[in-house]
Amino acid sequence: MSSTLIAAERRSADLEGAVLADPASFRILTGDRPTGPLHIGHYFGTLENRVRLQRLGVELLVLIADYQAITDRDSPAHLPGDVEGLVADYLAAGIDPGRAVIFTHSQVAELNQLVLPFLSLVSVSELRRNPTVKDEIAAGGGTTSALMFTYPVHQAADILFCHANLVPVGRDQLPHVELARTIARRFNDRYASGAPYFPEPEALMGTAPLLLGLDGRKMGKSRGNAITLGATAAETERLIRGAKTDAERRITYDPDRRPEVSNLLRLAAICLDEPPEAVAEGVGDGGAAALKRVAADALNERLAPIRARRAEVAGERGYLREVLAEGNARAHEIAAETLRNVKELMHTRY
Ligand code: TRP
């Protein structure tokens with residue numbers, strides 16, 4: 001593990017303590033790209049944690065990053081459905097729309113306007129070095145849009161427009177949080193040296209064990225190896241029955257030698273709130289079929305209330321749009337005030 005990653009994890013543990021001590025002093029900005037329904041990797045990796053933090057009393061803003069979804073896609077026709085789907089996933093997972101601000105890039109013009117001054121604070125070579133963007137460009141294979149290249153600067157605007165000081169993320173997003181910190185620092189140095197205007201946000205890394213896809217590769221919306229939050233119990237069973245395992249009859253937790261079996265054990269373990277070794281012990285000589293049954297039952301039971309709520313709200317498109325309209329209006333107010341202050345500080349208020 002790299003030293004930056006170790007440092008980030010150590011800092012996250014400290015931050016967790018600070019949040020517990022004084023949740024009201026934190027404002028979280030987090031977001032997802034509307035590129036399809038959220039899956040169990042999102043749920044156990046971040047959604048559940050967002051809900052927990054909100055219940056502790058941390059202020060929560062959730063961005064549906066529609067201008068990030070067009071970095072590598074030709075047609076945005078899927079966006080309205082995917083955006084509504086995300087709102088339904090959030091509400092189903094337990095995010096309280098009465099307190100959280102759920103909003104989209106495209107409806108909050110003042111947020112986007114911050115990108116211009118922010119672009120002036122970073123160099124092209126810094127953008128070129130961003131490891132996450134490099135990977136995404138390599139995976140894309142074709143021409144790289146300028147938006148793809150600059151979206152981390154846009155993401156800094158997502159975080160800074162609302163003065164968020166905490167950003168719950170996975171490791172792939174760490175370079176982006178680092179860039180947001182750099183931009184905050186440089187803006188403060190250049191335009192607000194007496195009294196820093198933007199706080200330097202910190203990354204909060206989740207502690208949930210990483211879940212792989214059902215084929216043993218990274219779980220991904222577009223890889224066909226994920227179980228969506230909204231899937232039915234029968235679909236879940238069928239998907240898990242088709243998961244890759246190995247030929248050894250006795251089930252043991254051995255992530256290095258038996259990654260696929262261990263992944264199913266981890267999934268069951270999270271749902272049952274037991275160590276994976278104990279789940280393995282329980283399955284014993286039952287083989288892969290018994291393991292899959294245990295994992296599917298545990299997951300279906302765990303997700304049942306979430307899925308029931310999702311089915312309820314997903315049909316109420318008017319309500320989903322209302323939640324979004326309220327969030328957009330609130331985000332707009334916050335962004336307008338920030339932009340006003342930024343103009344003041346930059347001597348561009350005439
Ligand atoms: N880049 C994030 C992703 O792909 C989504 C995102 C956009 C985000 N803006 C953000 C995450 C701000 C955290 C903070 O998942």
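The values are calculated or read from the model by the stated rules, or taken from the named source; none is laboratory data. Given the structure is predicted, the values throughout are model-derived calculations rather than measurements. Reconstructed Cβ throughout: ideal geometry from the backbone, glycine too, with neighbour counts over all protein chains shown. When the accessible area is computed, the model is the full protein with side chains, heavy atoms only, and any ligands, DNA or RNA have been set aside. Shrake-Rupley method; radii C 1.70, N 1.55, O 1.52, S 1.80 Å.
Summary of values
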item: Cα centroid of segment 287-350 to Cα centroid of segment 113-182, whole Å; result: 21
item: Average projected area [Cα convex hull, segment 223-350], square nanometres; result: 13.0
item: Whole-percent pair-distance distribution, where bins are 10 Å wide, for the alpha carbons of segment 10-75; result: 18, 42, 28, 11, 1
item: Farthest toward positive dipole pole in the chain [+1 Lys/Arg, -1 Asp/Glu at C-beta], among 85, 24, 57; result: 85
item: Efficiency of FRET between residue 75 and residue 222 - r from beta-carbon atoms, R0 25 angstrom, step 0.05; result: 0.95
item: Qualifying trypsin sites (Lys or Arg not before Pro) for segment 54-155 [loop in DSSP, other Cβ within 10 Å: at most 14]; result: 73, 99
item: Total charge dipole magnitude, the chain, about the Cα centre, Cβ charges on Lys, Arg, Asp, Glu only, Debye to nearest 20; result: 480
item: All-pairs alpha carbon distance profile, the chain, 10 Å steps from 0, percent; result: 5, 23, 31, 26, 11, 3, 1, 0
item: Accessible area (Å², per residue) of the chain, counting only protein heavy atoms and a probe of 1.4 Å; result: 47
item: Between helix 287-314 and the chain: long-axis angle, C-alpha atoms, 0 to 90°, nearest 10; result: 40
item: Computed lengthening from residue 18 to residue 250, 0.36 nm per intervening residue step minus Cα-Cα distance; result: 79.2 nm
item: Fraction of accessible area attributable to carbon and sulfur, the chain (%, probe 1.4 Å); result: 52
item: GluC sites (Glu not before Pro) restricted to segment 227-314 and DSSP loop, no more than 12 other C-beta within 10 Å; result: none
item: Size of electric dipole in segment 80-147: Cβ of Lys, Arg +1 and of Asp, Glu -1, about Cα centre, debye, nearest 20; result: 300
